[in-house]
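Each value in this text was obtained by applying a stated rule to the coordinates, not by laboratory testing. Just so it is clear, the model here is predicted, and its values are computed rather than measured. All Cβ positions, glycine included, derive from the backbone under ideal geometry; neighbour counts span all protein chains shown.
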Amino acid sequence: MARPLRIEFAGALYHITSRGDRQEAIYEDDEDRKAFLSVLAEVVARYNWICHAFCLMTNHYHLVIETVDGNLSQGMRQLNGVYTQTSNRRHRRVGHLFQGRFKGILVDKEAYLLELSRYVVLNPVRAGMVESPEQWPWSSYRAMARKAATPKWLAVDGLLSQFGEEQEKLAVVTRALCSTALDEAFGRGCVSKSIWEMRRSWRECSPGHMCRVIP
């Protein structure tokens, strides 16, 4: 049976996930995570991507990617392929590292970029790995909250500018939005649930009609 075609076009925004083969770890230590981010930086530059957010877990990762040139699949082949080669060389092994194709969900940028980025950086909290997103160094949260230097390939200013305020004030707002205390006050809505579970249903995405919620 033929694989379904991916919807790709200039300016598309995606929530991307990719998991380890047999659900095994794709990062065995921090050196692996550094190597992955190095490859990601090269792919962002080579394929003219805009990376709004990321989070590296243990057996999978999350990215929020905007494709200026509509070339998601090309870039993902490079990202997962080069990292697999790098990891296999370092750990002296062969074979697949990732489980099948990556998952890329098309998202309405204007409506859901902020909420999606928030969901992505809260993954370690939701998994019980840390109590606060600030405690997990392998996500874009610290850069978003101005707690760490922002890599050149990470476009946090575009995300924060949605508030329409000064950048330093935006960092404070971001920390509040991602606060686990805030989630507890509202029933841990974005910590306990997937961003997709918080939406009742989605229309089919197409280049002329990006994903929007069905009332």
The exposure ranking of Lys34, Lys109, fewest beta-carbon neighbours within 10 Å first, is Lys34, Lys109
Taking the simple approach of a point 7 Å from Cα along Cα-to-Cβ for both Thr150 and Lys34, what is their distance in nm? 2.4 nm
Per the 1/(1 + (r/R0)^6) rule, R0 = 45 Å and r from the Cβ atoms of Glu24 and Glu115, FRET efficiency to 0.05 is 0.90
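Please sort by residue number the trypsin sites (Lys or Arg not before Pro) in the stretch 45-92 whose DSSP state is loop and whose Cβ has at most 16 other Cβ atoms within 10 Å.
Details: sites: Arg46, Arg77, Arg89, Arg90, Arg92; in loops: Arg92.
Here the sparse-neighbourhood loop sites are Arg92.
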